[in-house]
Amino acid sequence: MADTNHFDVVIVGAGVSGALIAKQLGAAGKSVCILEAGIDYKDSAAEALQRFYTAQAKVPESPYTPAIVTPDAQGVQSPSNPSEHVIGRATTLTLGEDSWQNSNQAYMDQQGPLAFASTYERVGGGTGRHWLGTSLRFPPNDFKMKTVYGVEEDWPIDYDDLEDWYGKAEHEMGVSANAADQGYHDIGFPSGYSYPMPQILDSLVDDAVKAGISGLEPQEGIKLEVTNTPAARNSVPFQNRRQCAGNTNCIPICPIQAKWDPTVTLYEARQSPSVEIRFKSVASEIVVGEDNLVSSIKYLTYDTFDGGQTGSGEVTAERYIIAAHAIETPRLLLMSTNDGKTPNGVANSSGAVGKHLMDHPIYLSWAHTKDPVFGYRGPLSTSGIESMRDGAFRSKHAAFRIEIGNEGWNFPIGDPYTTTLDFVLGTNHSQLNDSGTAQQGKGLVTALNHALTRQFRLGFLVEQTPEDNCTVGLSATYKDRLGLPRPSITYDLSDYTKMGFVAAKKVSSNIYAAMGAKEFTKTITKEDADSDPTSFSVTYDANGAVVPEGTAGATTEYFQYFGAGHIVGTYRMGSDSTNSVVDKDQRSWDHQNLFLVGSGVFPTVATGNPTLTLAALALWAADTVLADLG
Ligand SMILES: Cc1cc2nc3c(=O)[nH]c(=O)nc-3n(C[C@H](O)[C@H](O)[C@H](O)COP(=O)(O)OP(=O)(O)OC[C@H]3O[C@@H](n4cnc5c(N)ncnc54)[C@H](O)[C@@H]3O)c2cc1C
Ligand code: SF4
């Protein structure tokens, strides 16, 4: 009888990478088992929407399971206790001064000094369920920061190596864009290349920014330009899915699946009879055999989120692929000590597993225009300013891309609710109801029309440097309901990254001034920086060099940052096995039949949202595995 637990390939994680790889392998007739910690997306889609509609706090994690809030004895909704959940994950609701290190609320055991502010999902389809869909290529210089600017690291691959894989990923996921617009910073396309769908139309907000900055002086020698953003979102019907209806709900869930998410590809993968997914199956140990090859993966099963372990299993394969994203992958590697045989975890002879945790910390600013720009329509973002993703300034401070938001002040202050309540109750949390007047009837409608149609915001996604002191480890104290150690995080921002915030703030103010818009960005004070785990200060001299606070003639500024959801860099690729975890093929240096995929392999975070690049790399890894299997 055939062994029902032996496969050509075992994949851990049914998110973006896992889904793309499973589809390729299944189409080639290989037998594949995906172990997925979360529940089946088929069971959860309607439920997820319902949970989101009724959620009081509409954060990216709200639709997904296990619920991030539960009612306490008095019926008050508060963050659930992660020790009581079999598959915990982080939520932005626990980034407050009192909650970020409260282990009864926050899943990650945050050690500081700053808070890691990004989150992810553990559900069939992974974090790609709640992503925005922005699908940018990285400019060539992002792959060779050390060579070109003398900072950070070089990748062991360059843009040319990835170019074809980018094209394949764009067609697999369904990206809408015009290639002619995307060739900035030397991003190349094969002659005649076209994206699978034309671009999503620019919004009225985009048009206002474009017109407003047309006369703006170059910033650090760079002329700013608005560029339409490539997005894995249907501009026309595609892959049996509808075209975008423009209702600004892409994060955390597109109700009509006009936005690509991994469940689209998982569905296709599951049409292959040789692809099996085991949901509610949490990989708990990667077993290494005598020959130093991975010999199996053990997993634990559960029925309900708060019910504990109900069973266990073990699967074997010719090749193993870990696609559990950049916090759960290092967690699994570090947990896999093999009764002391791999005391520092699997694939960790370099000691680099869990190191160099990165994100694109966001500088968020917002303003009110003179004339209406009519936000709250279209996808959350349709254009950006990509001009400062590269330039000579990168030898001194971090680069950034500027996302133009179409969702009014939803991100900064939770609008339209906050402003509406201000005008109904006579409060002024939005700063738009200076007189503190409570309105009703026609007056209320006029006031809200004036206030809401002029709102817009900019999000500056700042490049973070890879540092040894930004880590994912195993908590010595806290476990989940399966008895597995929860992730422990240390996190900080380098001077180079902080000076990127200083540059971003300057550019932001210049844009609003050029547009004649009134800025409402929250002023961060020293007190904020001292108490808020997502705020910091930076002091610099006239040359832009960071100096100790109090230095004569120096300037000190205070900032708050937000997580971008771009979790990067915790098992990086390299060309030297002593300081990297995988080679350029994403194959573990230590175990030749083990592949680690996802943004954890990025040596640097670069300047673009990571998913298109990790998808391109996943397709490349699938090809290598197929070649291995013959
Ligand atoms: C709010 C938000 C917006 C975003 N928007 C964008 C965007 O516009 N553009 C962009 O490029 N990126 C965006 N991202 C990032 C994007 O979502 C991630 O880069 C992408 O989902 C990562 O894919 P992945 O396959 O590596 O991981 P995931 O998609 O997270 O998949 C990992 C899978 O592994 C499973 N898993 C975890 N642990 C185990 C285990 N022990 N056993 C079995 N299974 C396990 C999880 O359940 C999950 O299904 C956004 C992220 C957030 C949070
Ligand atoms: S705007 Fe609406 S329809 Fe379009 S992708 Fe976003 S959520 Fe889906």
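None of the figures in this text is laboratory data; all of them are computed from the coordinates on show. Treat the numbers as computed from the prediction; the structure is a model and nothing was measured. Glycine also receives a Cβ, built like all others from the backbone with ideal geometry; neighbour counts cover every protein chain displayed.
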Q: Could you quote the convex hull projected area for segment 310-444, Cα atoms only and averaged over all directions, in nm²?
A: 17.4 nm²
Q. Which of Ala179, Gln199, Ala115 sits closest to the plus end of the dipole of segment 109-225, meaning its Cα is farthest towards the positive end, when Lys and Arg get +1 and Asp and Glu get -1 on the C-beta?
A. Ala115
Q. Using alpha-carbon pairs under 8 Å, 6+ residues apart, how would you state the relative contact order of segment 171-242 in percent?
A. 44 percent
(Q) I want to verify the translational diffusion coefficient of the chain in µm²/s; compute it with Stokes-Einstein, Rh as the Kirkwood radius over Cα pairs, at 37 °C and 0.692 mPa s. (A) 131 µm²/s
Q: Report the calculated FRET efficiency for Thr624 and Asp495 (r = Cβ-Cβ distance, R0 = 56 Å), to the nearest 0.05.
A: 0.90
**Q.** 3J(HN,Hα) from dihedral phi, segment 470-475, Karplus parametrisation 6.51/-1.76/1.60, rounded to Hz, x for glycine, proline
**A.** 10, 9, 10, x, 10, 5
Q.
Based on Cα coordinates alone, diagonalise the gyration tensor for segment 67-175, multiply each eigenvalue by 5, take square roots, and list the semi-axes in whole Å, largest first.
A. 38, 20, 10
Q) Classify segment 563-625: rounded, prolate or oblate, from the alpha-carbon gyration tensor (a ≥ b ≥ c, eigenvalue square roots; a/c under 1.5 rounded; otherwise prolate if a/b is larger than b/c)? A) oblate
Q: Starting from segment 1-99, pick out the GluC sites (Glu not before Pro) whose DSSP state is loop and whose Cβ has at most 14 other Cβ atoms within 10 Å.
A: Glu97
Q) What list of ³J(HN,Hα) values in whole Hz, one per residue of segment 149-155 in order, does the Karplus curve 6.51 cos²θ - 1.76 cosθ + 1.60 (θ = phi - 60°) give from phi, with Gly and Pro shown as x? A) 10, x, 10, 6, 9, 8, 7
(Q) Using the Cα centre of segment 185-262 as the reference point, and only Cβ charges (+1 on K/R, -1 on D/E), how large is the resulting charge dipole? Debye, rounded to the nearest 20. (A) 480 debye
Q) Based on the inverse mean of 1/r over its pairs of different Cα atoms, what is the Kirkwood hydrodynamic radius of segment 335-401, in Å? A) 17.4 Å
Q: Pull up all non-local amide H partners of Ser295: gap of 5 or more, or a different chain, and H-to-H distance under 5 Å with H placed in the peptide plane.
A: Val287, Val288, Gly289
(Q) To make sure I understand, if each residue's beta carbon is the centre and we count other beta carbons within 10 Å, what order do His171, His185 fall in, fewest to most? (A) His171, His185
Q: Grab the other residues whose beta carbon is less than 15 angstrom from that of Ser78, score K and R as +1, D and E as -1, and report the net.
A: -4
Q: Report, in cubic angstrom per residue, the convex hull volume of the C-alpha atoms of segment 1-150.
A: 206 Å³
Q) Just the projected area, averaged over all directions, of the convex hull on the alpha carbon atoms of segment 247-327: how many nm²? A) 8.2 nm²
Q: Rank these for me by crowding, Asp532, Asp623, Asp541, Asp291, going from fewest to most other beta carbons within 10 Å.
A: Asp291, Asp541, Asp623, Asp532
Q.
I need to check one value: relative contact order of the chain, counting alpha carbon pairs closer than 8 Å and at least 6 residues apart, in percent.
A. 21 percent
(Q) Quick check on segment 11-98: what are the equivalent-ellipsoid semi-axes from the Cα gyration tensor, as sqrt(5λ), descending, whole Å? (A) 32, 14, 11
Q. Any idea how far the Cα center of segment 614-630 sits from the one of segment 183-224, in Å?
A. 32 Å
Q) Using a ≥ b ≥ c from the Cα gyration tensor of segment 365-515 (square roots of the eigenvalues), is it rounded, prolate or oblate, where a/c under 1.5 gives rounded and otherwise the larger of a/b and b/c decides, a/b for prolate? A) oblate
Q) Binned at 5 Å from 0, what are the whole-percent values of the Cα-Cα distance distribution for segment 367-414, short to long? A) 5, 18, 20, 19, 14, 12, 10, 3
Q. How far, in degrees from 0 to 90, does helix 204-213 lean away from the longest principal axis of the Cα atoms of the chain, to the nearest 10?
A. 70 degrees
Q) Which aspartates and glutamates have a Cα less than 14 Å from the Cα of Lys42, not counting those fewer than 8 places away in the same chain? A) Asp261, Glu268
Q | C-alpha long axis of helix 325-335 to longest principal axis of the chain, angle in ° | A | 40 degrees
Q. Considering only Cα-Cα distances, which of the following residue pairs are longer than 25 Å: Lys259/Lys370; Lys23/Lys298; Lys280/Lys341; Lys58/Lys210?
A. Lys259/Lys370; Lys280/Lys341; Lys58/Lys210
Q: Calculate the length of the line joining the C-alpha centroid of segment 575-610 to that of segment 442-498, in whole Å.
A: 24 Å
(Q) Taking the Cα centre as origin and putting +1 on Lys and Arg beta-carbons and -1 on Asp and Glu beta-carbons, what dipole magnitude results for the chain, to the nearest 20 debye? (A) 1360 debye
Q) Non-local amide H neighbours of Gly378 (under 5 Å, H modeled in plane, Pro and chain starts lacking H): which ones? A) Asn247, Thr248
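Reported to two decimal places, what Rg/Rh ratio describes segment 433-572 when computed on Cα atoms with Rh from the Kirkwood expression?
1.09
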(Q) With +1 on the Cβ of every Lys and Arg and -1 on the Cβ of every Asp and Glu, and nothing else charged, how large is the dipole of segment 260-329 about its Cα centre, in debye rounded to the nearest 20? (A) 140 debye
(Q) Once each part is reduced to its C-alpha centroid, what is the distance from segment 251-292 to segment 350-399 in angstrom? (A) 29 Å
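Run lengths n ≥ 4 of DSSP H only: what is the helix-derived mean residue ellipticity at 222 nm for the chain, with -39500 (n - 2.57) per run over all residues, to the nearest 500?
That calculation yields -7000 deg cm²/dmol at 222 nm.
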Q | Sparse-neighbour loop sites [GluC sites (Glu not before Pro); segment 200-286; at most 16 other C-beta within 10 Å; DSSP] | A | Glu220, Glu225
**Q.** Prolate/oblate/rounded call for segment 456-525, Cα gyration tensor, a/c under 1.5 rounded
**A.** prolate
Q. If the cut-off is 22 Å between C-alpha atoms, which lysines fall inside it for Lys498, apart from same-chain ones fewer than 8 positions away?
A. Lys144, Lys146, Lys355, Lys396, Lys506, Lys522, Lys526
Q: Select from Leu132, Gly75, Ile39 the residue farthest towards the positive end of the dipole of segment 39-142; place +1 on Cβ of Lys and Arg, -1 on Cβ of Asp and Glu, and compute about the Cα centre.
A: Leu132
Q. Beyond 20 Å, what share of the Cα-Cα pairs of segment 163-282 remains, rounded to the nearest whole percent?
A. 57 percent
Q: Would you work out which of Met515, Ile222, Ala542 lies farthest towards the positive end of the dipole of the chain, given +1 charges on the beta-carbon of Lys and Arg and -1 on that of Asp and Glu, about the Cα centre?
A: Met515
